[in-house]
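Novice: Here's a structure for you.
The values are calculated or read from the model by the stated rules, or taken from the named source; none is laboratory data. This is a predicted model, so every value here is computed, not measured. Positions of Cβ are generated from backbone atoms using ideal geometry, with glycine treated the same way; all protein chains shown enter the neighbour counts.
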Amino acid sequence: MDKTQFDLVVIGAGSTGENVADRAARGGLSVAVVENGLVGGDCSYWACMPSKALLRPGEALRAAEGVAGTAAAVSGALDVDAVLRRRDSFASGWDDSGQVEWLEGAGLVLVRGTGRITGEREVTVDTDGGGQQVLRARHAVAVCTGTEPLVPGIEGLREARPWTSKDATSAEAVPDSLVVIGGGVVACELATAFADLGAGVTVVARSGLLGSMEPFAGEAVVARLRERGVEVLLDASARRVTRDDGAVTVETDDGRRVVAAEVLVATGRRPRTGGLGLAAVGLAEDEYPEVDDTMRVVGSDWLYAVGDVNGRVLLTHQGKYQARAAGDVIAARAAGGVVDDAPWGLHVATADHRAVPQVVFSDPQVASVGLSSAAAREQGLNVSVAEFELGDVAGAGLHRDGYEGHACLVVDEDRSVVVGATFVGPDVAELLHAATIAVVGEVPLERLWHAVPAYPTMSEIWLRLLEAHGRPRSD
Ligand SMILES: Cc1cc2nc3c(=O)[nH]c(=O)nc-3n(C[C@H](O)[C@H](O)[C@H](O)COP(=O)(O)OP(=O)(O)OC[C@H]3O[C@@H](n4cnc5c(N)ncnc54)[C@H](O)[C@@H]3O)c2cc1C
Ligand SMILES: NC(=O)c1ccc[n+]([C@@H]2O[C@H](COP(=O)([O-])OP(=O)(O)OC[C@H]3O[C@@H](n4cnc5c(N)ncnc54)[C@H](O)[C@@H]3O)[C@@H](O)[C@H]2O)c1
């Protein structure tokens with residue numbers, strides 16, 4: 001085989017790129033994967049895994065402290081060193097040899113270096129060894145290069161050498177104090193983690209927290225952070241940042257000053273497309289490429305953009321879901337086979353539009369799927385919202401003394417189906433998939449009344465929410 005010619009060339013071996021490549025190879029294609037960092041990408045080394053490894057010990061401690069009887073069995077604070085060493089193991093010590101072994105075992109060819117598009121179906125790699133290799137794709141090129149932190153143009157911020165989520169998730173030590181700029185998922189999770197680990201944390205958010213979710217979610221996270229001694233400044237925009245004698249000062253536009261050892265910027269992401277050569281194929285270099293539901297770039301018959309880089313949904317599980325569709329459709333198109341691109345078909349990522357599940361591992365956890373009530377109304381749906389206090393469910397009371405939590409279902413009354421759900425409270429993450437199934441399956445409320453939650457589990461929240469909504473008549 002000509003080593004420079006493959007059926008598919010994938011740029012980026014993160015969780016998305018790995019899955020595009022694997023699915024296409026299972027479909028019979030030869031695949032090269034180009035990676036200039038660690039095989040496995042952000043999720044494995046600087047995002048999901050290390051951040052959750054930093055958060056889990058605090059959760060476990062709170063769980064034990066929250067039950068009379070076990071509370072007496074735990075004393076003292078977290079063992080920070082042990083937490084950091086456990087985090088290291090979840091990041092595989094930032095060594096990707098395990099993932100490389102998997103990749104090669106799957107029959108994929110790894111090319112280490114930085115790839116860029118230099119023509120139709122052509123990728124030129126500046127290899128890690130210092131040379132260049134030109135890879136030609138018979139059928140398709142898939143760009144799976146992810147996103148990078150967006151550092152806003154706040155005066156002095158860049159010069160103050162801020163932490164990004166990459167620095168925070170791989171931190172070797174816990175700073176005495178940390179100021180977090182931003183109010184989204186990264187800000188909430190990392191503020192929680194570093195507060196658990198003993199840092200004095202301040203959050204500076206220009207509006208509320210978790211703004212795209214149901215308002216009660218962000219409000220609950222703010223309340224708990226404050227209860228635990230985190231200073232949360234809402235409706236506060238960072239105006240200027242300075243670093244002197246090791247300390248960082250963040251000044252807000254209403255004149256407040258926060259001094260801390262480190263500043264973490266958590267203000268969103270931008271596509272990692274710089275230098276990728278997208279301009280050579282008529283696309284903007286610094287924008288999320290527009291794709292159809294098979295992840296093919298609009299206007300092209302060979303270029304795909306999958307996962308974070310297309311900006312549809314910045315979540316590992318959705319990137320992998322897109323990857324399964326894209327890998328399969330690339331193989332199908334290469335074979336001249338049938339393409340099933342109707343909504344919910346084999347080769348499309350329909351769930352991206354209306355059934356995305358997400359868990360924020362803050363304290364309390366926030367788990368949501370589908371549309372928020374505000375988004376559903378904006379879409380013109382005839383919406384009703386059923387709400388219930390999770391703490392009033394027997395299983396939740398057993399789970400933790402004085403359990404506090406809240407949940408809601410967003411119902412499209414015209415179709416009598418659930419289009420969104422949000423659960424807030426300790427350990428609600430595992431409640432979410434039932435809601436995802438209800439939303440994706442468009443299960444009529446009439447039928448949901450027959451899905452009986454076991455007693456006494458937290459899942460009885462479903463029964464209470466259905467009762468709060470009222471039983472629909474089936475005639
Ligand atoms: C702090 C944090 C926590 C998160 N936690 C969660 C979570 O709990 N759950 C969840 O679902 N999502 C989470 N996310 C989001 C998740 O990390 C991303 O959605 C996911 O990593 C995207 O995967 P990807 O493969 O599309 O991109 P990436 O993981 O970014 O992979 C892209 C790969 O492409 C490589 N690359 C880039 N350019 C080139 C080039 N020109 N040539 C060669 N290689 C290149 C990069 O080195 C990288 O390995 C979190 C994000 C952050 C920041
Ligand atoms: N558990 C998870 O699933 C998980 C965890 C972490 C991250 N992620 C994903 O990673 C992505 C990135 O997360 P994120 O928190 O960085 O982004 P985000 O979009 O969730 O939040 C960005 C925050 O920064 C604020 N902001 C934006 N520009 C600003 C500016 N100039 N000044 C001050 N504030 C500004 C926004 O108001 C918002 O509060 C998200 O899409 C998220 O879904 C997921």
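Novice: Scan L264, L197 and give me the residue that is within 12 Å of ligand 1 (Cβ to nearest atom), more than 22 Å from V356 (Cβ to Cβ), buried (at least 21 other Cβ atoms within 10 Å of the Cβ) and not basic (K, R).
Specialist: Working: L197 fails: within 12 Å of ligand 1 (Cβ to nearest atom).
Going through L264, L197 in turn, just one is within 12 Å of ligand 1 (Cβ to nearest atom), more than 22 Å from V356 (Cβ to Cβ), buried (at least 21 other Cβ atoms within 10 Å of the Cβ) and not basic (K, R): L264.
Novice: Among the numbered criteria (1) more than 15 Å from ligand 1 (Cβ to nearest atom); (2) surrounded by fewer than 24 Cβ atoms within 10 Å (Cβ to Cβ); (3) within 22 Å of the chain's Cα centre (by Cα); (4) not β-branched (V, I, T), which single criterion is violated by G130?
Specialist: (3)
Novice: Being closer than 18 Å to A435 by Cβ, out of contact with any helix residue (DSSP H, G or I) (no Cβ under 8 Å at 6 or more places or on another chain) and not hydroxyl-bearing (S, T, Y) is the filter; apply it to the range 349-406 and report the residue that is surrounded by the most Cβ atoms within 10 Å (Cβ to Cβ).
Specialist: Looking at the filtered set, the residue picked out is A376.
Novice: Ok, one more. Among residues belonging to the range 25-38 that are near ligand 1 (Cβ under 7 Å from one of its atoms) and in contact (Cβ under 8 Å) with a residue 12 or more places away in the chain, point out the one that is nearest to L78 (Cα to Cα).
Specialist: By that ranking, first place goes to L38.
Novice: Consider A171 carefully, then state whether it is aliphatic (A, V, I, L, M) and either away from ligand 2 (no atom under 13 Å from the Cβ) or within 30 Å of L8 (Cα to Cα) (or both). Don't jump to the end; show me each part of the working.
Specialist: Numbers: aliphatic (A, V, I, L, M): yes; either away from ligand 2 (no atom under 13 Å from the Cβ) or within 30 Å of L8 (Cα to Cα) (or both): yes.
Yes: the conditions hold for A171.
Novice: Please give the number of the condition V141 fails out of (1) in the same structural domain as I11 (by TED's automatic domain parsing); (2) under 22 Å from R312 (Cβ atoms); (3) surrounded by fewer than 20 Cβ atoms within 10 Å (Cβ to Cβ).
Specialist: Going through the list (1) in the same structural domain as I11 (by TED's automatic domain parsing); (2) under 22 Å from R312 (Cβ atoms); (3) surrounded by fewer than 20 Cβ atoms within 10 Å (Cβ to Cβ), V141 breaks only (3).
Novice: If you check R312, R324, which single one turns out to be in contact (Cβ under 8 Å) with a residue 60 or more places away in the chain, surrounded by fewer than 23 Cβ atoms within 10 Å (Cβ to Cβ) and either within 16 Å of ligand 1 (Cβ to nearest atom) or within 13 Å of C144 (Cα to Cα) (or both)?
Specialist: On the way: R312 fails: in contact (Cβ under 8 Å) with a residue 60 or more places away in the chain.
Matching residue, one of R312, R324: R324.
Novice: Another question, if that's okay. Could you tell me whether the range 248-269 includes any residue that is within 30 Å of A137 (Cα to Cα) and modelled with pLDDT of 95 or more? Spell out how you get there, then give the answer.
Specialist: Step one: list which residues in the range 248-269 are within 30 Å of A137 (Cα to Cα), which gives 269.
Then keep just the ones that are modelled with pLDDT of 95 or more; that gives 269.
Yes; the residues of the range 248-269 include at least one that is within 30 Å of A137 (Cα to Cα) and modelled with pLDDT of 95 or more.
Novice: Output the residues belonging to the range 328-364 that are within 15 Å of ligand 1 (Cβ to nearest atom), small (G, A, S) and part of a loop (DSSP other than H, G, I, E, B).
Specialist: Answer for the range 328-364, where residues must be within 15 Å of ligand 1 (Cβ to nearest atom), small (G, A, S) and part of a loop (DSSP other than H, G, I, E, B): A349, A355, S362.
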